[in-house]
1. Within the stretch 35-53, work out how many residues are surrounded by 12 or more Cβ atoms within 10 Å (Cβ to Cβ), farther than 11 Å from THR117 by Cβ and within 12 Å of the chain's Cα centre (by Cα).
2. Among SER92, SER61, which is loosely packed, with under 12 Cβ neighbours inside 10 Å and modelled with pLDDT of 90 or more?
3. How many residues are over 16 Å from SER114 (Cβ atoms) and acidic (Asp, Glu) when one looks only at the stretch 54-104?
4. Name the residue, out of ILE83, ILE73, that is surrounded by 15 or more Cβ atoms within 10 Å (Cβ to Cβ), under 16 Å from THR57 (Cα atoms) and in contact with a strand residue (DSSP E or B) (Cβ under 9 Å, 6 or more places away or on another chain).
5. Tell me which residues, restricted to the stretch 30-58, are modelled with pLDDT of 90 or more and of a type in the set (Ser, Thr, Tyr).
6. Here is a list of conditions, (1) at pLDDT 90 or above; (2) surrounded by 11 or more Cβ atoms within 10 Å (Cβ to Cβ), and PHE122 meets all of them except one; can you say which number that is?
7. Just one of the numbered conditions (1) touching a residue at least 60 places away in the same chain (Cβ under 8 Å); (2) more than 17 Å from the chain's Cα centre (by Cα) is not true of LYS78; which one?
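The values are calculated or read from the model by the stated rules, or taken from the named source; none is laboratory data. As the structure is a computational prediction, the values presented were derived from the model and not from experiment. A quick note on method: Cβ atoms are made from the backbone with ideal geometry, for glycine too, and the neighbour counts reach across all protein chains shown.
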Amino acid sequence: MTGKFFNIFWPIVVVIIGSYSAYFFSQDKVELQYYLTEPIPLLLSNGEVLESVQQLTVINSGEVTIESIGIKIKGKIKEANLIKNFVDDKVSQSVSDTFLQAKYYKLPPNSNFSYMTWFNGFDYPS
């Protein structure tokens, strides 16, 4: 009787584990990376940094489109320029003298966008 139970139970376990493994390994991979440069001083006066620049690059190196990417940078922001992946990409952003807040709506696989941000002084944003 134990042998019959084992002969019935073993194939069921193999099918369940095999199905789960096939499902797990066939899923699309989401991978979002970002790179933030160190602040680079641009204008100096009497040894004091008056202006600096920093670049943030966001890369979708996964296999699916990523939707709704939010960005918030705090600092003494002078100016911020967006370099889009495509010209018609939809982005909402708010830039003030103390923060940059943006929402990039869709980023397809193997694509990226960047923000060049100029700061008053030599501020390490958070």
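1. 0
2. Being loosely packed, with under 12 Cβ neighbours inside 10 Å and modelled with pLDDT of 90 or more holds for just one of SER92, SER61, which is SER92.
3. The total comes to 4.
4. Within the list ILE83, ILE73, the selection yields ILE73.
5. Within the stretch 30-58, TYR34, TYR35, THR37, SER52, THR57 qualify.
6. (1)
7. Failing condition for LYS78: (1).
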